[in-house]
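Structure, as structure tokens:
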Amino acid sequence: MITSRPRIVDLSEIEPNTRRGGDLRAMLTPATVGSTSGFMGVAIVQPGDRIGEHYHPYSEEFVYVLCGQLEVDLDGEPHPLQPEQGLMIPIGMRHRFRNVGNVEARLVFHLGPLAPTPPQGHVDTEDTSEQSDRVAVAGS
């Protein structure tokens, strides 16, 4: 049951979402804690991996890099992202994250406001199925 009471959510409680590359875990969401203005999560990106290009038609995205060396493409233009740096991605801006270092990268993300429905909140602009196939073969 969703309440308006505070709730602590552990990373291990959230199933990894790897459909778009990386390991995305939306931790504090309307479904998990009853949030009404946005949601927050963690992205874990292994060396050489990426989170496929996408945009959010209703939400700004706030990113804070915890560790690792990332590069983010913003509307096709690459920018380095280092630990302890934050980034605000405006509504509708295409973006893609790549781990360009040799260690795991972790970033915290927050999106708000919420889209009218969850499927309307994220638009993929890149097919990441080839990446998923490559990761599955490498793990075999």
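The values are calculated or read from the model by the stated rules, or taken from the named source; none is laboratory data. Worth saying up front: this structure is predicted, and the values here are computed from it rather than measured. All Cβ positions, glycine included, derive from the backbone under ideal geometry; neighbour counts span all protein chains shown. Ligands, DNA and RNA are stripped out before the accessible areas are found, and what is left, the full protein with its side chains, is counted by its heavy atoms. Shrake-Rupley method; radii C 1.70, N 1.55, O 1.52, S 1.80 Å.
Whole-Hz Karplus values for the range 48-63 come out as x, 8, 8, 9, x, 4, 7, 8, 10, x, 10, 10, 7, 10, 10, 10 Hz, taken residue by residue from phi with 6.51 cos²θ - 1.76 cosθ + 1.60 and θ = phi - 60°; glycine and proline positions read x. Using only alpha carbons, the range 6-95 has a radius of gyration to Kirkwood radius ratio (Rg to Rh) of 0.95.
When the solvent-accessible area of the chain is split by element, carbon and sulfur atoms take up 56 percent of it, the probe being 1.4 Å. Take the chain with all the other protein chains still there, run a 1.4 Å probe, and you get 57 Å² of accessible area per residue. In this structure, R94 and S37 have a Cβ-Cβ separation that, at R0 = 25 Å, corresponds to a calculated FRET efficiency of about 0.55.
Within a Cβ distance under 11 Å of E104, other residues only, what is the Lys/Arg minus Asp/Glu net charge?
Result for the neighbourhood of E104: -1.
For the range 1-67, relative contact order (Cα pairs under 8 Å, six or more residues apart, normalised by length) works out to 27 percent. Backbone geometry of the range 112-128 corresponds, through the Karplus equation with coefficients 6.51, -1.76 and 1.60 at θ = phi - 60°, to 3J(HN,Hα) couplings of x, x, 5, 6, x, 9, x, x, 7, x, 9, 10, 6, 10, 9, 7, 9 Hz, x marking Gly and Pro.
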